[in-house]
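Read-outs throughout are calculated quantities, based only on the coordinates presented, and are distinct from any laboratory measurement. Given the structure is predicted, the values throughout are model-derived calculations rather than measurements. A quick note on method: Cβ atoms are made from the backbone with ideal geometry, for glycine too, and the neighbour counts reach across all protein chains shown.
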């Protein structure tokens, strides 16, 4: 099984959001800067996460995104599923048609592994990850390192807005 960047980025962005939105909404630009994820890619992921009711957008000045509910109620498997990322270790996508339209010798083995991975990821919530000291330290370090990049983005957006007025 291979988790693609879509699933990894979705989990990373949701954890970043859970950590930073405890005080105020978080912009995708800020997440993109801290996590070095393309803003346009984040926009696509958050559209899916919004449809899955995991995040909510807040418009206007000071707006951004927050979690729709508590991080203790959002598990990692659900985040991955929300962005249409399969958790599947089989070659056949679980269809049992991998060898001449029939299940291969190891189909049940890989299905069992997929189930174990899915159950493991279901057992971990954003809230549990937020409670880990290492995660908090990493988030604080990323915030410090990306503060300058975020400020540059904000100033560029402000300059564009001012130029549009004149």
| remark: Nearest 10, in degrees from 0 to 90: the angle of helix 133-165 to the longest Cα principal axis of the chain is 50 degrees
| field | Between 0 and 90°, nearest 10: helix 5-20 axis offset from the chain longest Cα axis | value | 50 degrees
| field | For the chain, calculated [θ]222 nm from helices alone, where every DSSP H run of n ≥ 4 adds -39500 (n - 2.57) | value | -19000 deg cm²/dmol
| Between the helical axis of 107-122 and the dominant principal axis of the chain, each derived from Cα atoms, what acute angle in degrees is found, rounded to the nearest 10? | 30 degrees
| remark: Between (i) -0.68, -1.14, -1.28; (ii) -0.62, -1.12, -1.29; (iii) -0.53, -1.07, -1.30, the structure-derived log10 I(q)/I(0) by the Debye sum over Cα atoms at q = 0.12, 0.18, 0.20 Å⁻¹ is (ii)
| note | In nm, the gap between the two label points placed 7 Å beyond Cα toward Cβ at residue 4 and residue 134 is 2.8 nm
